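The values are calculated or read from the model by the stated rules, or taken from the named source; none is laboratory data. Remember, predicted model here, so these are calculated numbers, not experimental data. So basically every Cβ, Gly included, is an ideal-geometry build from the backbone, and we count neighbours across all protein chains shown. Surface accessibility is based on the protein's heavy atoms, side chains included, excluding ligands, DNA and RNA. Shrake-Rupley method; radii C 1.70, N 1.55, O 1.52, S 1.80 Å.
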Amino acid sequence: MDSSIVEKIVKEIEGYAPKGGHTNVGRITAVGDGVVAIDGLEKAVMSEVVEFEETAGKSLEDSMHGEGKLLGLILNLEEDSVRAVILGDTARVKEGMVVKSTGTVLSVPSGDELLGRVVNALGEPVDGKGPFKKPTMMPVERESYGVIDRKAVTTPLQTGIKAIDAMIPIGRGQRELIIGDRSTGKTTVAIDTIINQKYEPADKRPICVYVAIGQKESKTARIMQQLKDNDAFAYTVIVDAPASAPAALQYLAPFSGVAIGEYFMDRGQDVLVIYDDLSKQAVAYRQLSLLLRRPPGREAYPGDIFYLHSRLLERSARLSDAKGGGSLTALPIIETQEGDISGYIPTNVISITDGQIFLEGGLFNKGVRPAINVGDSVSRVGSAAQTKAMKSVAGTLKLELAQFRELEAFMQFASDLDKATADRIASGQRMVEVLKQKNGSPMPVEQQVIDLFAAVNKLFIEVPLAKVKQAEAQWIEFINAGYSEVLEDIKKTGAVSDDSKKELTRAMEAFRGAHGELFA
Amino acid sequence: MEKAYAQALWELIQKGEKPKEAVTKIQTALAQRGRAALMPAVGRAFERLAQREAQKNRSVLVVARKGDEANARKESAAHDAEIKVDESLIGGWQLFDRGQMRDESWKSALLSIYNASTRT
């Protein structure tokens, strides 16, 4: 036998001190659908973790080869019993089993060693890379920071998506909902935002936490690979509560994700947490609540479904300097049915968050990707966080696009349009083309500014619609090759100076001359 | 509803009322309220309540082998506890008393050493 193992065992035996003392215990009187009723446990507290005693009656050898601790979470305190949800394999729980109180609330590991790892809703690694060595335990349920501990959102969180950074800017510490039907690109927006953080300087780069709730394992694996391929996994933690996980874990996963993020926020770092998606968490919570025999309300959701999401999203914050100045930005995702944003859960989350990015199936099918409905999307605090450079080029973009959408509808019925209207439509169509972006290709902010500068200054107006994307790519290449100092200046100062504006205007003229074939 | 009546019956008996008289009183009260049909359910609820209370106050000392009782009783100071034998404990004892457990078994000690040693 390896001598190091023997040494370790000897050390453990020498250091062994009997725990002694008494533990509060109860016995399971009923088990079903992931919920247990426990008799006893008279001093139990709400949200306390309990441990199911699986070793009773089993030989030492069988106990040693068990599957690890099986935990439960107390969610109901009743007159003569408590009800708890099983955080693991429900088949391991039997009626009459002893349940031990742990006297602690649920907490998950966090720390630098979680970066680039995949964990389950309990913070246990599920990527086969072994356990964490010295993690810091963070409580899953915690009171959010109060008014005094916070400060206004003023620093931008660049998503790398032109349509968002220009028209629906997000600030660090904001809660921006991504909402839309299935297959409209909600996850893509979130993942692109994570990927785009690689362009941030390492000391200011947000730590990203992606929480997959009720997703297919194959989708989560694909996302992990995409992040790895784009060098974004090193600053990301994935919390995975797949569709096959018990409802209790799907309900807990977002809280675990935010708890992991809070560790970094408390250290003064910026954090981005993506909850993909909260509709599935709401469904899991409804299932649990019904099994716990809590009275159902609208759409059979329990009465505290609003509180479930509000207490989660309130934990997003930008902390005051006294608290370290860290921030936690939340991008919750909600899936709508048939584009109905007036459903129960969508309206709840819309009212909790600081704005929403509404993705529309119709636009997606027309090839407008990201399929952002500019009219219904809003960012309530982000404009204060937008850079001057972006503000200077994107100031009227939203209004222009909204006007274009109206004219576009009108255009379908009108056969003869006056020149002003036709010009506006042509300009709008080109703007839509410019705002289209392939998935997995976020753009650094200085390039976005250059791109939008050209678009709002009508560089592409004479370019045939089919060639706009080509012209746009060549324009950025042209600037990178000959005017990189302008890009550097924008990146450094966060503004477009008068000199840069003049330089860009000259560059536009030069581009027209150099690429005459595009302006045919 | 039946739980509330069963609880009332339990409390009457705890206060010193003779069981037969207490049951008669509950029956009369139910009849006056037009709920006489509830009596069988009250009886079953009372049975469950009595079982739970008995369980709550039960004291069980689990030992690994027959013959270990005396030592276990001495160490645990549970002189009136009901004795059970569970050979899987290897040695030592476990005491379940009024909703609390004290585990002084060898099995749990060995398991905690094993878990600490195998944790990498």
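With a cut-off of 8 Å between alpha carbons and a minimum separation of six or more residues, what is the relative contact order of the stretch A:14-128 in percent?
In percent, rounded to a whole number, it is 31.
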Counting DSSP beta bridges with both ends in chain A, the antiparallel % (nearest 5): 60
Longest principal axis of chain A (C-alpha) makes with the long axis of helix A:445-456 (C-alpha) an angle, in degrees to the nearest 10, of 40
Probe 1.4 Å - accessible area at residue B:39, Å² to nearest ten: 40
Cα convex hull of the stretch B:28-91: how many Å³ per residue? 110
Distance in Å, no decimals, from the C-alpha centre of the stretch A:184-220 to the one of the stretch A:46-125 is 30
Chain A: angle of helix A:247-266 to the longest principal axis, Cα-based, in degrees nearest 10: 70
Could you pull out every one of the lysines with an alpha carbon less than 24 Å from that of residue B:66, ignoring same-chain neighbours closer than 8 positions? A:58, B:74, B:84, B:107
Between B:66, B:15, B:107, which gets the highest mean-square fluctuation from a Gaussian network model of chain B, Cα cutoff 10 Å? B:15
Sites residue A:7 and residue A:142 - FRET efficiency at Förster radius 41 Å, r taken between beta-carbons, to 0.05: 0.55
How many nm separate the modelled label positions at residue A:95 and residue B:85, each set 7 Å beyond the Cα in the direction of the Cβ? 2.9
Order these peptides, A:326-334, A:506-514, by their mean beta-carbon neighbour count within 10 angstrom, highest first. A:326-334, A:506-514
The correct pair for chain B, radius of gyration to one decimal and Dmax as a whole number, both in Å and from Cα atoms, is 21.9, 69
Roughly how tilted is helix B:19-32, in degrees to the nearest 10 and between 0 and 90, from the longest Cα axis of chain B? 50
If you look at just the Cα atoms of the stretch A:313-406, how large are its Rg and its Dmax in Å? 15.9, 49
Once the whole set of protein chains is in place, how much accessible area is left on residue A:216, using a 1.4 Å probe, in Å² to the nearest 10? 150
Residue-averaged beta-carbon neighbours from other chains (10 angstrom radius) around A:98-104: 1
So which trypsin sites (Lys or Arg not before Pro) in the stretch A:243-351 pass both tests, a DSSP loop state and at most 13 other Cβ atoms within 10 Å of the Cβ? A:293
Once you average over the residues of B:85-91, how many Cβ atoms of partner chains fall within 10 Å of each Cβ? 3
Report the calculated FRET efficiency for residue A:69 and residue A:134 (r = Cβ-Cβ distance, R0 = 25 Å), to the nearest 0.05. 0.80
Loop GluC sites (Glu not before Pro), the stretch A:468-498 (other Cβ atoms within 10 Å of the site Cβ: 11 or fewer; DSSP): none
Out of residues 5 or more away from residue A:48 or on other chains, whose amide H comes under 5 Å of its own, with H placed 1.01 Å from N in the peptide plane? A:74
P(r) histogram, all alpha-carbon pairs of the stretch B:59-118 included - 10 Å bins from 0, percent: 25, 51, 20, 4
DSSP loop (so not H, G, I, E, B), at most 13 other Cβ within 10 Å: list which GluC sites (Glu not before Pro) in the stretch A:49-144 pass both filters. A:67, A:78, A:79, A:95, A:143
Cross-link candidates for residue A:198: which aspartates and glutamates have Cα within less than 14 Å, leaving aside residues fewer than 8 places away along the same chain? A:229, A:231, A:270
Taking 25 °C and 0.890 mPa s as the conditions, I'd like the Stokes-Einstein D for the protein assembly as shown in µm²/s, using the Kirkwood hydrodynamic radius from alpha carbon pairs. 85
Any aspartates and glutamates with Cα under 14 Å of the residue A:219 Cα? List them, leaving off those in the same chain fewer than 8 positions away. A:240, A:276, A:277
Could you tell me what fraction of 2.2 N^0.38 Å the Cα radius of gyration of the stretch A:200-307 comes to, as a two-decimal ratio? 1.22
Between the stretch B:47-120 and the stretch A:263-337, how far is it from one alpha carbon centroid to the other, in angstrom? 42
Rounded to a whole number, the Stokes-Einstein D of the stretch A:269-334 in µm²/s (Kirkwood radius over Cα pairs; 25 °C; 0.890 mPa s) is 183
In nm, give the distance between the simple-model label positions of residue B:111 and residue A:17, each being 7 Å from the Cα along the Cα-to-Cβ direction. 2.2
Mind putting a number on the dipole of chain A about its Cα centre? Charges go on the C-beta only, +1 for Lys and Arg and -1 for Asp and Glu, and I need it in Debye to the nearest 20. 620
Expressed in angstrom and rounded, the centroid-to-centroid distance over alpha carbons for the stretch A:429-468 and the stretch B:4-44 is 81
If packing is taken as the mean number of other Cβ atoms within 10 Å per residue, what is the order of A:446-459, A:219-232, highest first? A:446-459, A:219-232
